[in-house]
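Here is the structure we will look at.
The values are calculated or read from the model by the stated rules, or taken from the named source; none is laboratory data. Since the model is a prediction, treat every value here as computed from it, not as a measurement. Quick reminder, even Gly has a Cβ in these numbers, built from the backbone with ideal geometry, and neighbours come from all protein chains shown. Accessible surface is based on the protein model in full, side chains and every heavy atom, while ligands, DNA and RNA are left aside. Shrake-Rupley method; radii C 1.70, N 1.55, O 1.52, S 1.80 Å.
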Amino acid sequence: MHSLYHASKFGIEGFVESVAQEVAPFNIQAPIIEPGGARTEFRYGSAHVTNLMPEYDDTPTHAFLKMLGPANRLAEGDPDKMAARIIETVDQDPAPLHVVLGSQARQATIDRFTERLNEYKGQADLAASTDIKE
């Protein structure tokens, strides 16, 4: 469940980044809005969690589903403020390609990019080993 959600977001991000490059010569901008958790009806009412199978205890799947439960802390994001910041990007020139909303989302994004950067840096020899040496 969680993987499908993130796969679709990741795919859309790559698509919009490519489209943004293609339409930039026409002065068209395409910001990617990356909101963190918000106090909306989705998380706190309309999302329904099925009976959790014990086989998945202590796995990322259950962690995500438990996050939706009312016993967990409230999301920090204010939906009204998020909407206002999104609308404000229309007047920015140039508009940022990535708009991260919410302190927790920003920190999680920085942490993940740092992990990926460190992983790439550790692969210098491996990457070079596939080059044609002339």
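What the table shows:
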| quantity | calculated |
| --- | --- |
| Those trypsin sites (Lys or Arg not before Pro) in segment 89-134 that DSSP places in a loop and that have at most 11 other beta carbons within 10 Å | Lys133 |
| Of Ala84, Ala105, Asn51, farthest towards positive along the dipole that unit charges on Lys, Arg, Asp, Glu beta carbons give the chain | Asn51 |
| The chain - mean residue ellipticity at 222 nm from DSSP helices (-39,500 (n - 2.57) per run, n ≥ 4, rounded to 500) | -15000 deg cm²/dmol |
| Ranked order, Thr130, Thr89, Thr114 - accessible area, probe 1.4 Å, largest first | Thr130, Thr114, Thr89 |
| Charge tally in the Cβ shell below 10 Å around Ala105, where Lys, Arg are +1 and Asp, Glu are -1, Ala105 excluded | -1 |
| At q = 0.14 Å⁻¹, base-10 log of I(q)/I(0) for the chain (Debye sum, equal scatterers on each alpha carbon) | -0.90 |
| Fraction of accessible area attributable to carbon and sulfur, the chain (%, probe 1.4 Å) | 59 |
| Residue-normalised accessible area of the chain, given per residue in Å² at a 1.4 Å probe | 78 |
| Dipole-positive endmost among Pro35, Thr114, Gly11 within the chain (Cβ charges, Cα centre) | Pro35 |
| Axial C-alpha extent at least 24 Å, average Kyte-Doolittle at least 0.0 - helices from the chain (DSSP) | 2-23 |
| Net charge dipole size for the chain [Lys, Arg +1 and Asp, Glu -1 on Cβ; Debye, nearest 20] | 380 |
